[in-house]
Amino acid sequence: MVQAEPVALPVSAEAIVHELDELDVTDVVNVPDTHQRSLLAALARQSRIRLLTACTEDEAIAINAGLWMGGRRPVLSIQHVGLLAAMNNVKALCMDARIPTCMLVGYFGRDVTRSARDNASRAVRLIEPTLDTWGVAYFPLEGPEDLAAIGRAYRHSVEHSGAAVVLVGAPTS
Amino acid sequence: MRRVEAIAALIAERGDALTVTTEQAIGAWRAAVTEPANDIPDHLDIVGCMGSASTIALGLALARPERRVIIVDGDGSLLMQLGSLVTIAGAAPPNLFHFVLENGVYETSGSQPLPAEGRFDLTGMARAAGYAHTAEFDDARTFASALPELLQRHGPVFVSVRTEPEDGYLVRSSAGTKLDQQMHALRKRLVGEGG
C-alpha cells in the first residue's frame, strides 16, 4: 500500500525561537499544546523570552493585552480548539479593543497528509472558515519554508491592531 | 459594607497604582472620581470579556513591576475564569492586589444568586491556589484601616470584600465604556507616543 505523503512538515522549535528572537518577542503566553510541545520545551530552556502558562486561552489573550499595554512584545502559543473556546475574548480584546495579538495555533490531531480544510477532524477543518467569518488574518506554517509567516503575522497584528494567527500545520520538531 | 465605601477606601489609598475595575465596581469608581468616564488616568474599566479583568491586570503587573496594580473584581466575574487564581499564583507578581467585591449575585443580569452562594469560599480558593497573602472584610471601617498595610505586602494579594447587592446599579453606570480608547491611552501613558 502506498503511504500518502505529508503536506505539512515539522518546523524545528529552535528555528521558531530564532524567529521570535528576531522579532524581539519578550513573552510567550501559552496554554500547553501537544502540537507545539517541542517549542515549549525549547522556550523553557532559554531565558531571553519569558514563558508564561495560563489555565485557559481566554486568560492568555487577556494577559497578552496587559503585557502589550505595559510595553512588552508578547506572542501566544495555544491549540486550535482553545482558540475556538476563546472567541469571545478575540472579539472583545483583539477586535473591539484593537489589541495586537499574534497567536501560534497548533492543529492538534490534524492528518498531515491532507490540507486542514480537508481533514476528517471537524475542529481542524473549521478553523480557517471560522477565521474567515470573523475576519481574522491567518498565516499557514506548513513547513520550514514558511518560517517567515511568523514575522508576517506578528507585524500584521501590530500594524492592524488586532489578531493574527499562525496556523502550525505539523507538530514542531 | 456598601460598594461605594469599599471603592472610596481604595481610591484614597491608590497612590500611583494602576487600577482595573470590572462589572459592579465600574460605576462606583466613576462616581467617586472627578475625571470623566474613559478618561481616568492609569485606569481601565473592563467590559465585554467577563472574567478577564484579573488576567489583564496580571499582564500589566508583569509588564510594569515598578507599579502596583489594583484589580477590583466581582465574585460572579471571577467565577467565569476561576482558573485565573492559579494562573496569577503561578506567575506570582509581587505587585498585584486582587480585590473581589462579593455580593453573592449576578447583579448585571438582574441579581440572580450565584451557584452555591453562601457555601463556596473564594478566599480559601485563592489561598489554596497559592496567593502570597489573603484577607477578607465585611466592615467598611475595618477594611479602610487595614488597606494601607495590605498594599505594602508582597503579592499577589487576594482580598474578599463582602458588599451588599445594589440592584441595577451597574447597568446604568457602565454604559458608554470605550475599552479600546482606555487601553490605547494607558499604553501611551506607560510606553510613550512611539510605543
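Every read-out reported here was derived from the displayed coordinates using simple, explicitly stated rules and does not represent laboratory data. Note that the structure is a prediction, hence the values are computed from the model and not measured. Cβ sites come from the backbone with ideal geometry, for glycine too, and all protein chains shown count toward neighbours.
For the reader, a short list of remarks on this structure follows.
- FRET efficiency, A:Leu147 to A:Ser47 (Cβ-Cβ, R0 22 Å, nearest 0.05): 0.45
- Largest first, the three principal axis extents of the alpha carbons in region A:91-150 are 38, 26, 16 Å in whole numbers.
- Surface/4 of the Cα convex hull for chain B, nm²: 10.0 nm²
- If you model the protein assembly as shown as an ellipsoid using its alpha carbon gyration tensor, with each semi-axis the square root of five times an eigenvalue, the axes come out at 39, 20, 19 Å, biggest first.
- Whole-Hz Karplus values for region A:112-121 come out as 6, 8, 10, 5, 4, 5, 9, 6, 5, 5 Hz, taken residue by residue from phi with 6.51 cos²θ - 1.76 cosθ + 1.60 and θ = phi - 60°; glycine and proline positions read x.
- Judged by the mean number of other Cβ atoms found within 10 Å, the most tightly packed of the peptides B:134-143, A:60-69, A:34-43 leads the ranking A:60-69, A:34-43, B:134-143.
- Computed lengthening from B:Glu149 to B:Ala32, 0.36 nm per intervening residue step minus Cα-Cα distance: 39.9 nm
- Distance between the modelled labels on A:Thr34 and B:Ala175, one decimal in nanometres: 5.0 nm (7 Å Cα→Cβ projection).
- Rounded if a/c under 1.5, otherwise prolate or oblate - region B:94-195, Cα gyration tensor axes: oblate
- Top of B:Ser145, B:Ser84, B:Ser174 by mean-square fluctuation, Gaussian network on chain B, Cα under 10 Å: B:Ser145
- Each pair of Cα atoms in chain A enters the Kirkwood radius, and Stokes-Einstein at 37 °C and 0.692 mPa s then converts it into a translational diffusion coefficient of 208 µm²/s.
- Helical content alone sets the calculated 222 nm signal of chain B at -12000 deg cm²/dmol, taking -39,500 (n - 2.57) per DSSP H segment of four or more residues and averaging over every residue.
- Residue exposure proxy: B:Tyr131, A:Tyr107, ordered by other Cβ atoms within 10 angstrom of their Cβ from fewest to most, comes out as B:Tyr131, A:Tyr107.
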